[in-house]
Amino acid sequence: GESVGLHLPTLSVQEGDNSIINCAYSNSASDYFIWYKQESGKGPQFIIDIRSNMDKRQGQRVTVLLNKTVKHLSLQIAATQPGDSAVYFCAENIRGNNRLAFGKGNQVVVIP
Amino acid sequence: NAGVTQTPKFRILKIGQSMTLQCAQDMNHNYMYWYRQDPGMGLKLIYYSVGAGITDKGEVPNGYNVSRSTTEDFPLRLELAAPSQTSVYFCASRQLGHEQFFGPGTRLTVL
């Protein structure tokens, strides 16, 4: 279960480097996955999604990888920019369920 | 489309007061959700609705009530505000199988 009172895991990355954010999920019935970005003081914003019949999906500067064997999802951000500093959440849609299950979040801090 | 809108943006309540947080969406989504997010933490589901007239409890429903009389609106009611309800509240909507859209949030402080 989720721990209460712990700070979010933080990834510090130099501007221009690539970032990789990881997410583990537990339900093999999950069929759809989403990455969200939340900037300070704002609501979560959709970045990219992937369905369970795919292993990889690319967007603009972002790539999501899905490994169903080990139930692992990752978000890669290419050439990280200061505007990428935010908290990133993964979410899974469990087949037959009416709601998304959100991960705890990862803080990304971009060092200029 | 305006997407998901929430009012008010900020509110300060005294202990024991009541208020309604408004949420509306113009995307004709059946599914709507209310979350709370405490500082440095993730999202906790309060209540959700799969369509007009249908609501269900999430992880942390105590102290809150909801109604869904129309597809567009999903208000969240706090009857007796407590300091533990100090948080940022996000409303969201989606169609099943697709991404979820979030509102800008309501920052609530209970003193």
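The values are calculated or read from the model by the stated rules, or taken from the named source; none is laboratory data. Not measured: the values here are computed from a predicted model. Quick reminder, even Gly has a Cβ in these numbers, built from the backbone with ideal geometry, and neighbours come from all protein chains shown. For the accessible areas, the whole protein counts, side chains as well, though only heavy atoms, and no ligand, DNA or RNA atoms are used. Shrake-Rupley method; radii C 1.70, N 1.55, O 1.52, S 1.80 Å.
May I ask you to derive the FRET efficiency for B:Q95 and B:K9 from their Cβ-Cβ distance with R0 = 30 Å, giving the value to the nearest 0.05? Before the final figure, lay out each step's value.
On the way: r = 26 Å, r/R0 = 0.88.
Once the sixth-power term is evaluated, E becomes 0.70.
Efficiency by 1/(1 + (r/R0)^6): what FRET value for B:V50 and A:Q14, r their Cβ-Cβ distance, R0 = 30 Å, to the nearest 0.05? Don't jump to the answer; show the numbers that get you there.
Details: r = 45 Å, r/R0 = 1.49.
So, using R0 = 30 Å, E works out to roughly 0.10.
Based on the Cβ-Cβ distance from A:D31 to A:Q76, what FRET efficiency comes out when R0 is 30 Å, to the nearest 0.05? Spell out each step's value before the answer.
Numbers: r = 22 Å, r/R0 = 0.73.
Approximately 0.85, to the nearest 0.05.
Among bridges DSSP assigns within the stretch B:4-110, what percent are antiparallel (round to 5)?
In the stretch B:4-110, DSSP labels about 90 percent of beta bridges as antiparallel.
Keeping every protein chain present and rolling a 1.4 Å probe, give me the accessible area per residue for chain B in Å².
On the way: 5110 Å² over 111 residues.
I get 46 Å² per residue for chain B.
Return the value, in Å² to the nearest 100, of accessible area buried between chains A and B (probe 1.4 Å, both sides summed).
Numbers: alone 6860 and 6000 Å², together 11060 Å².
Between A and B, the summed buried area is about 1800 Å².
In the stretch B:83-100, what residues drop by 10 Å² or more in accessible surface going from the chain by itself to the full protein assembly, probe 1.4 Å?
Residues meeting the cut-off: B:F90, B:R94, B:L96, B:G97, B:H98, B:E99, B:Q100.
Whenever you get a sec, compute what percent of the accessible area on chain A sits on carbon and sulfur atoms (1.4 Å probe). Could the numbers behind the result be given before it?
On the way: 2760 of 5950 Å².
Within chain A, the accessible surface is 46 percent carbon and sulfur.
Carbon-plus-sulfur fraction of the accessible area of the stretch B:4-110, 1.4 Å probe, in percent? Walk me through the numbers before you get to the answer.
Numbers: 2460 of 4730 Å².
Within the stretch B:4-110, the accessible surface is 52 percent carbon and sulfur.
Which residues of the stretch A:77-99 bury at least 20 Å² of accessible area once all protein chains are present, versus their chain alone (1.4 Å probe)?
A:F89, A:N93, A:N98, A:R99
How fast does the protein assembly as shown diffuse by Stokes-Einstein, in µm²/s, taking the Kirkwood radius from C-alpha pairs at 4 °C and 1.567 mPa s?
On the way: Rh = 18.2 Å.
Answer, rounded: 71 µm²/s.
Of all the Cα-Cα pairs you can form in chain A, what percent are over 25 Å apart? Display every interim value, and only then the final one.
Details: 1185 of 6216 pairs.
When every Cα pair of chain A is considered, 19 percent fall beyond 25 Å.
Which entries of A:K42/B:K44; B:K9/B:K44; A:K42/A:K71; A:K104/B:K14; A:K71/A:K104 show an alpha-carbon separation above 23 angstrom in the structure shown? Working shown, then result.
Values: A:K42/B:K44 16 Å; B:K9/B:K44 19 Å; A:K42/A:K71 29 Å; A:K104/B:K14 30 Å; A:K71/A:K104 16 Å.
Checking Cα-Cα distances, A:K42/A:K71; A:K104/B:K14 exceed 23 Å.
Each residue of the stretch A:67-80 in turn: what ³J(HN,Hα) in whole Hz from Karplus with 6.51, -1.76, 1.60 and θ = phi - 60°, glycine and Pro shown as x?
Couplings: 10, 6, 4, 10, 6, 9, 10, 9, 10, 10, 10, 8, 6, 4 Hz.
If you count only protein heavy atoms with a 1.4 Å probe, what accessible area per residue comes out for chain A, rounded to a whole Å²?
Result: 53 Å² per residue.
Residues of the stretch B:43-66 with accessible area at least 40 Å² lower in the all-protein-chain context than alone (1.4 Å probe)?
By number: B:L43, B:Y48.
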